[in-house]
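Everything on this sheet refers to the single structure shown next.
The values are calculated or read from the model by the stated rules, or taken from the named source; none is laboratory data. What you see is a predicted model, and the numbers here were worked out from it, not measured in a lab. So basically every Cβ, Gly included, is an ideal-geometry build from the backbone, and we count neighbours across all protein chains shown. When the accessible area is computed, the model is the full protein with side chains, heavy atoms only, and any ligands, DNA or RNA have been set aside. Shrake-Rupley method; radii C 1.70, N 1.55, O 1.52, S 1.80 Å.
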Amino acid sequence: MMDRRSSDNTAENVHPLKLLTPAQFAALGGSAVAYVKPVSGLVLSTMISDAEFNETEEYQLVMSADGTPLMVADTADAVSEWLGDKSLGLATLH
């Protein structure tokens, strides 16, 4: 026998954040949330055309929640120092 309560309430039990589009979800953080992503110089060269990167070196890319690049560094310490005087929440990537 099927429990009607569980099937009827399924839509009501969905967390509202799961219904947001990717753009709406990114806008929640606006410029207040950032994340750090390790990325190769080769990838950065395709993203930032007016700068030169060693293609084999790994860099630290700081991005805002909406996907805007904020900063590129060659070490995690440089990122930590830069973030030290910013009022940004740092999200971890999974």
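Structure notes:
- Within segment 46-76, the set of residues being touching a Gly at 6+ places or on another chain (Cβ under 8 Å), part of a loop (DSSP other than H, G, I, E, B) and at pLDDT below 90 comprises 65, 66.
- Contact map, segment 47-65: first residue touching a residue at least 12 places away in the same chain (Cβ under 8 Å), second residue exposed (fewer than 14 other Cβ atoms within 10 Å of the Cβ) and among the basic types (Lys, Arg), Cβ cut-off under 9 Å, separation 6 or more or different chains; pairs are 60/37; 61/37; 62/37; 63/37.
- Residue within segment 21-43 that is at pLDDT below 65 and more than 30 Å from residue 77 (Cα to Cα) present: no
- Residue check for residue 79: touching a strand residue (DSSP E or B) at 6+ places or on another chain (Cβ under 8 Å), open to solvent by less than 50 Å² (accessible area, probe 1.4 Å), at pLDDT 80 or above and not in a helix (DSSP H, G or I): no
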